[in-house]
1. From the set of residues in region 117-126 that are within 14 Å of Leu75 (Cα to Cα) and in contact (Cβ under 8 Å) with a residue 60 or more places away in the chain, which is least open to solvent (accessible area, probe 1.4 Å)?
2. Can you tell me how many residues within region 34-50 are touching a residue at least 60 places away in the same chain (Cβ under 8 Å) and either buried (at least 20 other Cβ atoms within 10 Å of the Cβ) or among the small types (Gly, Ala, Ser) (or both)?
3. So how many residues does region 150-163 have that are open to solvent by less than 50 Å² (accessible area, probe 1.4 Å) and either under 14 Å from the mean Cα position of the chain (by Cα) or of a type in the set (Asp, Glu) (or both)?
4. Quickly run through region 140-149 and pick out the residues that are assigned to a loop (DSSP other than H, G, I, E, B) and either touching a helix residue (DSSP H, G or I) at 6+ places or on another chain (Cβ under 8 Å) or open to solvent by less than 70 Å² (accessible area, probe 1.4 Å) (or both).
5. Where in region 38-122 are the strands (runs of 3 or more DSSP E), entirely inside, with at least 3 residues that are more than 17 Å from the chain's Cα centre (by Cα)?
Amino acid sequence: MELAAGSFSGEQFREACAELQQPALAGADWQLLVETSGISIYRLLDQKTGLYEYKVFGVLEDCSPTLLADIYMDLDYRKQWDQYVKELYEQECNGQTVVYWEVKYPFPMSNRDYVYLRQRRDLDMEGRKIHVVLAQSTSVPQLVERSGVIRVKQYKQSLAIESDGKKGSKVFMYYFDNPGGQIPSWLINWAAKSYTQAARVL
């Protein structure tokens, strides 16, 4: 699940767009986890890791698609509201923009850090304007692993946003994160569920 080089394909962007119109939940054991305030969260067990993948579908009535996408891409703003961010910045590596993100974990657990590619495209899909953001773990020699911090090597996220036809946004998000280390899978899954629920307000 790690991108060593290159970028995201057009097919990956189209797949995220397609989820807005027709959620891809058939053919796998996706389970409805939470349904509230116009938001539905599904999960799928990854047999290899014992962790869950998540899909979130819903409508945010008071936020326009462009504003929502801009907020999502704004790392400086995230540092203002996310108390668990220790370090977060973009860096040019090998001709690509890479994000470095260190997350504070409670004692006695070690902090985790992420190195990932992130790309946004604003697409016109048969007259529908859709903002898509893709992110996935990568590895670059400029950002080596740090002592005392565990590098997350399996991270993937997709976000697609379009107008709900009124003043709000119709949203799809996919999320998978394996923080590694000696954290029980049940605790990781609980934290991931809490994150996807909190993501509704971004």
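1. Looking at the filtered set, the residue picked out is Leu117.
2. Here the count works out to 4.
3. 8
4. Val140, Leu143, Gly148
5. 85-93
The values are calculated or read from the model by the stated rules, or taken from the named source; none is laboratory data. Remember, it's a predicted structure, so these values are computed and weren't measured experimentally. All Cβ positions, even for glycine, are placed from backbone atoms using ideal geometry, and neighbour counts span all protein chains on display. The accessibility values were calculated without ligands, DNA or RNA, using every heavy atom of the protein model including side chains. Shrake-Rupley method; radii C 1.70, N 1.55, O 1.52, S 1.80 Å.
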